[in-house]
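Notes to accompany the following structure.
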Amino acid sequence: MKLVINIPCYNEEKTLPLVLRELPKKIKGVSEIIVQIVDDGSTDKTVAVAKKLGVKNIIIHKKNKGLGIAFKHGMQAALDLGADIFVNTDADNQYPSKYIPALVEPVVKQRADLVIGNRKPWKVKHFSPLKRGLQWFGNGLTRKILGSNVPDTVSGFRAYSKDAMLRINVVTKFSYVLDTIMQAVQKDLRIESIEISTNAPTRDSRLFKNIFQHMQKSGVNLIRIFYLYEPLKTFLYASLVPFVLGLALLIRWFYFYFNNLGGGNLQSLIMSLILLITAGLLFGLGIIGDSMKANRMLIEDTLYSLKKKDYDVRK
C-alpha cells in the first residue's frame, strides 16, 4: 500500500523541520511513504526549507486560498500519485507523528475508510477551562447535527482510504473537518477514532483569533453544511416557528370570532396568514432543496466513477 502524508503549510519555516523529522520511515502494511507539502501562499521560506529537507512533492499556491482548498488540492495530488492511504497532519507540530502508524492501521486492515485522531480536547491541559468547556459542548452539538459519534469532530489529524478519497468532495474554503465527516456519514463510509495526545502549541491559530471567533466560523460552517446535505430538514425546522406562531394566532382569532368577544382581532388573522404563508414557503424551499440534493448525489456518483477510472489508469 502506498501512503501519502499531506502537510498543508502557511508560513511554517520554523516548525516544519520538527514535523518532517518525526515522520515515520516505515509502517507495517505500507510499502511506500510519500511526504507532500501544500504551501498555501507562504511569504516566508517554507518552500525552501521543505526542499532543503528533501521534500520532492510540493504544491504551491501563489496566494493564500484557505485550509479547505489546500486540503482538497493535497488529496487530489495524492490520488494522482496513486495513493492507497492519505494522512493529513498539521505543520505546526500539534499532532505527534508517532501516532501515524496507529492512525493508518484500521485503513491498512480495511476496517475503516476514515480514521480521526481524538485529542480529547475537553481534557487538554494547555487549553483554558473555558475553551475545554466550549470544546466539550461544541463537539456534542456537532455530533448531534452531523449524525456521527466521532468524539473529536474538529481534529485535523486523519487517515483516509482510497475509497474515501474518491468519494469525498470538499466544497468549503474555511475548513474541511466538518464537511468531510458529514459526507462520510451520508456516503456510508466506515469511521473510527484513535486516542492521541497533542504537543504544546508553537504559535497562535491562524484560522481564528480566539475561541469565540472559532465558534462563530464553525457555527456558520456547520449550518451551511447541514443545509447542503439535509435541505429538507433544514427548512422544515425553520418553518416550524412561523407555523406554530401562525397557528396559535389563527386559533385565537377563531376563538374570539365564534364566541362574539368583540372585534379588533383582524390583526391576529392577518398576522397568522402571513406567518402560515411564510412557513409554507420555507417548506417549499425544503422540497426544492431536497430535489437538488438528489441531483447532486447523481452528479457525485458520476464524478466518483470518473475519478476511479482515472485513478485505475494512473495506478
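Values quoted throughout were computed directly from the atomic coordinates according to the rules given, and no laboratory measurement underlies them. Note that this is a predicted model, so its numbers are computed, not measured. Cβ atoms come from the backbone with ideal geometry, glycine included; neighbour counts cover every protein chain shown.
Given only helices, namely DSSP H runs of n ≥ 4 each adding -39500 (n - 2.57), what is the per-residue ellipticity at 222 nm of the chain, to the nearest 500 deg cm²/dmol? Calculated from helices alone, the mean residue ellipticity at 222 nm is -17500 deg cm²/dmol. With Cα atoms as the point set, segment 2-227 shows a radius of gyration and Dmax of 16.4, 45 Å. Straight-line cross-link reach from LYS187 at under 19 Å between alpha-carbon atoms covers these aspartates and glutamates, not counting any fewer than eight positions away in the same chain: ASP84, ASP113, ASP163, ASP179, GLU230, ASP290, GLU300, ASP301. Taking 22 Å as the straight-line reach from the Cα of LYS120, the lysines in range (excluding those fewer than 8 positions away in the same chain) are LYS98, LYS131, LYS144, LYS209, LYS217. Listed cross-link partners LYS72/LYS308; LYS62/LYS315; LYS51/LYS72 are compared with a 25 Å cut-off, the Cα-Cα value being larger for LYS62/LYS315. Taking amide H as placed 1.01 Å from N in the peptide plane, VAL38 has its amide H under 5 Å from the amide H of ILE7, CYS9, ILE59, each at least 5 places away in sequence or on another chain. Of PHE256, GLN267, VAL108, which is farthest along the charge dipole of the chain in the positive direction, counting Lys and Arg as +1 and Asp and Glu as -1 at C-beta? Checking the options against the dipole of the chain, the answer is VAL108.
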